[in-house]
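S.K.: Let me begin by handing over the structure; questions about it come next.
Just so you know, all these numbers are worked out from the coordinates, no wet-lab data involved. The structure displayed is predicted, hence computed values, not measured ones. As a convention, Cβ positions derive from the backbone with ideal geometry for all residues, glycine included, and neighbour counts pool all protein chains shown.
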Amino acid sequence: MLHRRLMDIFHLLATLAVFSEQLPWPIASEGIAYKVAKLGAMVFLMLTLVTHQRFAAQPRNLRVLVLCAWAGSIAGDAFLAWSGFFVQGLASFLTAHVLYCILFVKSGPRALNVAAAVPLGLFGAGMATWLIKSGGVAGGLVAPVMLYLTVILTMAMIAAARYKAEPTLENRTVLFGALFFVVSDSLLAVNKFIQPLPYSGVLVLGTYYSAQECILLGWVRGKNGKISIEETEVV
């Protein structure tokens, strides 16, 4: 199938981007080849999504939301691929996470998942305290970074609530994606604001691409809005 071939290309480009620091050829050192691999991976992941046989069967408003969330993500990737655009990248990913929150809310029922919400809340409080007390996040960065932390944890809580209401494999995959996002952005924050992490590129990008793949493909394979499982074959 076409979407499976596109997924193979996504996995290849994502792998090149993830291990760019270890590669002894021009993709390393933040060069143009690295940027092409990093952005190209997200382009092919979206092509994988839109060519999936279930995508056209999703409600139109949800398709618009997921495409806009992807656009925010790739804009964030583009800003972060070049130095000096961190705030713009943060704003782009913040927009993407807000759109993912709306997408999850509109995609199905929810039930408060205390077992996930409490640890996520405690983790967020601890991360916020660490970032501020370390001195890495100060001045004008405090408000946007704290807002970003709040939104991404909210996204994970909503994903957990969806899974509790409907504990399907697809909803669990989306939840894993949201949790991967929390891990990826937390590692990025520690590496940027607190202390350098060994293999930061592998850790941050590896969890990031895992997050996007789990969210997008878990969502498109699931029961969203008014779509019925019987309306189209699941692959």
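S.K.: Can you list the HN-Hα couplings for region 42-47, worked out from phi with the Karplus curve (6.51, -1.76, 1.60; θ = phi - 60°), rounded to whole Hz and with x for Gly and Pro?
M.R.: For region 42-47, the Karplus curve yields 5, 4, 6, 5, 5, 4 Hz.
S.K.: Quick one: what are the phi-derived ³J(HN,Hα) couplings along region 66-83, Karplus 6.51/-1.76/1.60 with θ = phi - 60°, whole Hz, x for glycine and proline?
M.R.: Coupling constants for region 66-83: 5, 5, 5, 4, 5, 4, x, 5, 6, 5, x, 4, 5, 5, 6, 6, 10, 5 Hz.
S.K.: Taking the Cα-to-Cβ direction at Ala138 and at Phe85 and moving 7 Å from each Cα, how far apart do the two end points lie in nm?
M.R.: Result: 2.9 nm between the two label points.
S.K.: With n ≥ 4 as the cut-off for DSSP H runs, can you work out [θ] at 222 nm for the chain, using -39500 (n - 2.57) per run divided by the number of residues, rounded to the nearest 500?
M.R.: -24500 deg cm²/dmol
S.K.: Got a sec to turn the phi values of region 127-142 into Karplus ³J(HN,Hα) couplings, 6.51 cos²θ - 1.76 cosθ + 1.60 with θ = phi - 60°, whole Hz, x for Gly and Pro?
M.R.: Using θ = phi - 60°, the values come out as 5, 4, 4, 4, 4, 6, 5, 6, x, x, 10, 8, x, x, 7, 4 Hz.
S.K.: Computed from the mean reciprocal separation of all distinct C-alpha pairs, what Kirkwood hydrodynamic radius does region 33-120 have, in Å?
M.R.: 14.6 Å
S.K.: Relative contact order for the chain: what is it in percent, counting Cα pairs under 8 Å that are at least 6 residues apart?
M.R.: 22 percent
S.K.: I want to check a number: in region 2-224, how many lysine pairs have alpha carbons closer than 17 Å, given a sequence separation of 8 or more or different chains?
M.R.: 4
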